1. List the relative contact order of segment 98-189 as a percent without decimals, with contacts defined as Cα pairs under 8 Å and 6+ residues apart.
2. With the Cα gyration tensor of segment 86-189 giving a ≥ b ≥ c as the square roots of its eigenvalues, does the rule (a/c under 1.5 for rounded; else a/b larger than b/c for prolate; else oblate) give rounded, prolate or oblate?
3. Compute and list, largest first, the equivalent-ellipsoid semi-axes of segment 54-128 from the alpha carbon gyration tensor, each √(5λ) rounded to a whole angstrom.
4. Rank by packing, highest mean first: peptides 175-181, 8-14, 69-75, with packing defined as the count of other Cβ atoms within 10 Å averaged across residues.
5. Would you work out the relative contact order for the chain, in percent, from Cα pairs under 8 angstrom that are 6 or more residues apart?
6. Less than 14 Å Cβ to Cβ from Ile41, Lys/Arg counted +1 and Asp/Glu -1: what total charge do the surrounding residues give?
7. What's the ranking of 148-158, 107-117 by average number of surrounding C-beta atoms within 10 Å, highest first?
8. Tell me the mean residue ellipticity at 222 nm calculated for the chain from its helices only (DSSP H runs of n ≥ 4, each -39500 (n - 2.57), averaged over every residue, nearest 500).
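The values are calculated or read from the model by the stated rules, or taken from the named source; none is laboratory data. All values derive from a computational prediction rather than experimental measurement. Because the Cβ atoms are built from the backbone with ideal geometry, glycine has one as well, and the counts that use them run over all protein chains shown. The accessibility values were calculated without ligands, DNA or RNA, using every heavy atom of the protein model including side chains. Shrake-Rupley method; radii C 1.70, N 1.55, O 1.52, S 1.80 Å.
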Amino acid sequence: MSEFSESYHLFSNEFKDGIDLLKRCFVRGFVYPERKNWVTIIPNGKMFKVNRRIINNNKGVLVHLIYAEDHGWSLSIYDGRKRSFHYECSWEEDLEINQDGYHRERLVELINANPNKVRTVTLLDITQIFYVSDIEELFEKNPVTQIAYLLGLEYFTWISYNYVQKDYKENPNEIKNKGIRIVNNWIPF
């Protein structure tokens, strides 16, 4: 089975900020405890489509990470509602890279702003991670893991609303014991 992961990561050291974001936009989801200045949010919604409700109600810095093992990956940074960084790479047939919103300065700034950063990075560091000439080099470099590591994201593999929902149905206590909060919103009529 191939991995299909999708997650949002709010730059915050407050678990409550992730819960509040889901509540503000009336979206069901799961919120992971804060780790390394990131609160991971797994909202319900269409897989691999930007959840506009999340973005429209975002008041902070939010990272949207998608990884489909056999297909591609993408990374976006939102400052409030504005997308300030976007990179996408797919390899279903040929290697295709979309760098229309690739503002590496913004990514470097965000990595270096984290008080829990692994190390300070430069523009060259980011270029070396994102630049790939072929599929073999892509899999050797594994840029998704490198970028997640530099950002300080802990929850990004084998994670999506469907995965977490399935785990919750199979063993709700395990999810609760990990400190993951379930947000069940309803839309008032």
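1. Dividing the mean separation by the residue count of segment 98-189 yields 21 percent.
2. Here segment 86-189 falls in the prolate category.
3. Equivalent ellipsoid semi-axes, largest first: 22, 17, 11 Å.
4. Peptide ranking by packing, descending: 8-14, 69-75, 175-181.
5. Relative contact order for the chain comes out at 27 percent.
6. +2
7. Per-residue Cβ counts within 10 Å, averaged per peptide and sorted highest first, yield 148-158, 107-117.
8. -9500 deg cm²/dmol
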